[in-house]
Amino acid sequence: MRADPIQRAIDEDLVRVLYAQDPIAFVSHWFSIVVLVAIYWSDVPSPHLFALCFGFYALANCAGLALWLWKRRYPEAVSPRTWVNLHALRGVLLYAAPGGAVWFAFQSANTDLPLLHTVMLVTLAAGVFMSNGFDLLNFATAIPFLLLPSIVLHFSSHTFDRTVLGIVLAFFFCAINVYAVSYRKLFRRVVEARVDQQYLAESLAAQKLVAEEASLAKTRFFAAASHDLRQPLHAIGLLAASLNDGTAAPAQHAKTADHIVRNVEALNQLFNQVLDLARLESGVTQVIRLHFRLAELFERVGNQYRPQAAAKGLALRIAPTSLVVHGDPVLLERVLSNLLSNAIRYTEDGAIWMGLRRAGRRSGGFVEVRDSGIGIPLAEQERIFEEFYQVANPQRDARQGHGLGLPTVRRLIDLLGGELQVRSAPGRGSVFRFPVDAGDPDGIVSSLSDSAAAGASAEGRRVLCIDDDPSILEGLSTLLSRWGCVVRGVPDEVQALRAVDEGFRPDAVLCDYQLANHRTGAQALFAVREVLRLAGQSEVVTLLITGDMASPELEALAAKGIPVLHKPVAPARLRRTLESLWQKSGVVADQVAGSNLIAGAGRHDAVMLPDRRGAVGPGQQDAAALDGHECVPRGLSP
Ligand code: ADP
């Protein structure tokens, strides 16, 4: 991952140090030119060639300075690697001349010249080692040009002195190369350490920023949530106090009670929306993909919103489609419900359109919800996905929503592996769209509109309830008894096992997750199942009710075949879940007419609750829509 940044950092550092030495090198080479010309001056062996060679040397030196100036003025003109390569080219030109010029010394009658010239070359080589040794390319294009001609000429002279000097030079050549290797390693390590430090500092700064943003978002979230929750609570408090007024007429009391109910509904709606978001955040919501006809989903959602649209005089148009989708119908229904309800809320006249667009996709397409409403300014189009953000509701009137719909929709689409897109302009309406994958028509097991035979299956069922909270146990027992169940309520696992021991054979065991004495509901359920199995009863429906959001634990429980419901559980939700599970378990399959099950074609067996919206307020509808995903039985028998 970090190899490239390191190589780039090394190149950048190389460029910095290679070019930093160039002005000094420029002066040194003029000094070298002057010295060499001076020592050859009295007896130049081939004057023309000599002039050509040293003219070239002087030009190369000036070219080196020009390169340095160019780099100084336009540092971004080429990449760091190219600057390094150009510097190496400058090395070839610059060192070839003095290195090759040693030939003149061997042509001269003056026998001191080879030694003098070689001393100059060794001095230049030391300079190259210091200024270019940390880069293999720059080093390798300078040192051989400087020293090899001299070494070769010394050895080829066949005199003792020259051969000894040749050996010393060759040794120097090897030594300088070996040192340069360690020099380069050291240089690389230093740069790596610097890059690591920089990388660490940058990622720490980024993490700090993310943490600060998350903390700010959380503060905003709680501020808005507490305001929106306090409002109805405050109203309920005042209204409830006014019920104590004995002088008020019964009609006034009825009106007050009605207000209380409406505020409770509003509270419930908001609470469920917040819980939904929390569920999505905590990862307990599972995606259960089925093959189903998109048109059926459109029809289902359309039927729910047609009356609302008609009440505002809006046309709700649903484009026919024959596409079979492979996706999660429950989550998609939730998405479409939110988008349609927004479209209706923010459109005063015109029409709302829901349909599929292929948009160039070979399979599947994009589901779009379009409206001709007020539209959303560009600057707000990212912010509308923030929790509790509303474009125009500064007084936070609860009747205009809470700003939780779109954040939930975005998370749902993320969970489904897509991306929610928005296109909108003020006064010109909005388009929200997300991708869907094509499914297999042969994989459709049941229609989305299949309805359950409601009610009958609870009658006469024996239910064992385990909860250490007496008031919950009491409430649960009363509710189940009202449905015709035979209920046994116990506070813990020991009492539950005793009840089974005494001959109570439950059709369902409902258990709170957190029990007293550090026992969990899962442990209690497994123990009861085991005892029942030993007693010869292999089929029992078990259901865990939890306020816990910890996803790994819940996933593990789902994997073990224990369905989970999250508190608060609405009675209708509990009943539908139980009935679905009884049907699924097949204990009394013959008692139940019809089927409310859509079997998953894939890994999961999905329980689709018959009417996820039920007789609850719109907010609860939303929350209930996720229920099928909290309860994911995978093999209900022990
Ligand atoms: P809510 O609708 O409850 O306020 P949402 O999260 O669903 O919350 O939407 C956030 C904001 O985005 C809304 O307050 C509204 O200003 C804007 N918005 C959402 N959908 C539309 C739409 N179809 N047309 C215009 N504005 C919209």
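The values are calculated or read from the model by the stated rules, or taken from the named source; none is laboratory data. Here the structure is a predicted model, which is why all the values come from computation and not from measurement. Ideal geometry is used to build each Cβ from the backbone, glycine not excepted, and the neighbour counts take in all protein chains shown.
Test Phe134 against the criterion of being at negative phi, part of a loop (DSSP other than H, G, I, E, B) and surrounded by 15 or more Cβ atoms within 10 Å (Cβ to Cβ), and give yes or no. Answer is yes for this residue.
For the stretch 135-167, the set of residues classified as under 60 Å from the mean Cα position of the chain (by Cα) and farther than 16 Å from Gly100 by Cβ consists of Asp135, Leu136, Leu137, Asn138, Phe139, Ala140, listed by residue number. The numbered conditions (1) part of a loop (DSSP other than H, G, I, E, B); (2) within 16 Å of the ligand (Cβ to nearest atom) are all true for Ser322 except (2).
State which residue pairs qualify: first residue within 21 Å of Arg533 (Cα to Cα) and inside the stretch 479-502, second residue of a type in the set (Ser, Thr, Tyr) in any location, beta carbons under 8 Å apart, and separation of 6 or more residues or different chains. Pairs that qualify, where the first residue is within 21 Å of Arg533 (Cα to Cα) and the partner is of a type in the set (Ser, Thr, Tyr), are Val487/Ser477; Val487/Ser481; Gly489/Ser477.
Sort out which residues of the stretch 34-62 are surrounded by 18 or more Cβ atoms within 10 Å (Cβ to Cβ) and free of Cβ contacts under 8 Å to residues at least 40 places away in the same chain, and write them in order of number. Matches in the stretch 34-62: Ala60, Asn61.
Per-residue answers, yes or no, for (1) modelled with pLDDT of 90 or more; (2) touching a strand residue (DSSP E or B) at 6+ places or on another chain (Cβ under 6 Å); (3) surrounded by 15 or more Cβ atoms within 10 Å (Cβ to Cβ):
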position	(1), (2), (3)
Gly237	no, no, no
Ala241	no, no, no
Ala249	no, no, no
Asn263	no, no, yes
Leu277	no, no, yes
Leu294	yes, yes, yes
Leu297	yes, no, yes
Gln308	yes, no, yes
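For the stretch 391-408, the set of residues classified as part of a loop (DSSP other than H, G, I, E, B), modelled with pLDDT under 85 and either under 14 Å from Phe221 (Cα atoms) or more than 8 Å from the ligand (Cβ to nearest atom) (or both) consists of Pro394, Gln395, Arg396, Asp397, His402, listed by residue number.
Within the stretch 231-251, the set of residues being within 11 Å of Asn263 (Cα to Cα) and not hydrophobic (A, V, I, L, M, F, W, C) comprises Gln231, Pro232, His234, Gly237. Of all residues in the stretch 425-446, those that are more than 21 Å from Ala359 (Cα to Cα) have Cβ atoms under 9 Å from Cβ atoms of residues that are part of a helix (DSSP H, G or I), 6 or more apart or on another chain, in Pro426/Leu378. Hey, among the residues in the stretch 336-349 that are within 26 Å of Val287 (Cα to Cα) and in contact with a Phe, Trp or Tyr (Cβ under 7 Å, 6 or more places away or on another chain), which one's farthest from the ligand (Cβ to nearest atom)? Only one residue tops the list, namely Leu340.
For residues in the stretch 305-319 being within 16 Å of the ligand (Cβ to nearest atom) and not aliphatic (A, V, I, L, M), which is nearest to the chain's Cα centre (by Cα)?
First, the residues of the stretch 305-319 that are within 16 Å of the ligand (Cβ to nearest atom): 305, 308-309, 312, 314-317.
Pick out the ones that are also not aliphatic (A, V, I, L, M) and you get 305, 308, 312, 317.
On the way: Tyr305: 33, Gln308: 36, Lys312: 39, Arg317: 35 Å.
Filtering first and then ranking leaves Tyr305.
Do we have Leu297 as part of a helix (DSSP H, G or I) and more than 42 Å from the chain's Cα centre (by Cα) here? Against the criterion (part of a helix (DSSP H, G or I) and more than 42 Å from the chain's Cα centre (by Cα)), Leu297 does not qualify.
Every condition in (1) near the ligand (Cβ under 7 Å from one of its atoms); (2) under 17 Å from Gln273 (Cα atoms) holds for Phe388 except the one numbered (1). The numbered conditions (1) more than 17 Å from Ser156 (Cα to Cα); (2) touching a Phe, Trp or Tyr at 6+ places or on another chain (Cβ under 6 Å) are all true for Gly99 except (1).
Comparison of Lys208, Lys255, Lys218, Lys185 shows that the only residue that is within 30 Å of Gly133 (Cα to Cα), basic (Lys, Arg) and part of a helix (DSSP H, G or I) is Lys185. Mind checking whether some residue in the stretch 350-368 is away from the ligand (no atom under 15 Å from the Cβ), hydrophobic (A, V, I, L, M, F, W, C) and surrounded by fewer than 17 Cβ atoms within 10 Å (Cβ to Cβ)? Yes, some residue in the stretch 350-368 is away from the ligand (no atom under 15 Å from the Cβ), hydrophobic (A, V, I, L, M, F, W, C) and surrounded by fewer than 17 Cβ atoms within 10 Å (Cβ to Cβ). The set of residues in the stretch 369-383 that are near the ligand (Cβ under 8 Å from one of its atoms) and either modelled with pLDDT under 95 or over 15 Å from Val409 (Cα atoms) (or both) comprises Asp371, Gly373, Ile374, Gly375, Ile376, Glu380. Reported count of residues in the stretch 278-313, each being basic (Lys, Arg) and more than 14 Å from Leu331 (Cβ to Cβ), is 3. Looking at this structure, is Ser282 at pLDDT 90 or above, surrounded by fewer than 21 Cβ atoms within 10 Å (Cβ to Cβ) and out of contact with any strand residue (DSSP E or B) (no Cβ under 7 Å at 6 or more places or on another chain)? Taking the combined requirement at face value, the residue does not satisfy it. Checking Pro426 against (1) closer than 19 Å to Gly313 by Cβ; (2) within 10 Å of the ligand (Cβ to nearest atom), which single condition isn't satisfied? Just one mismatch for Pro426, condition (1).
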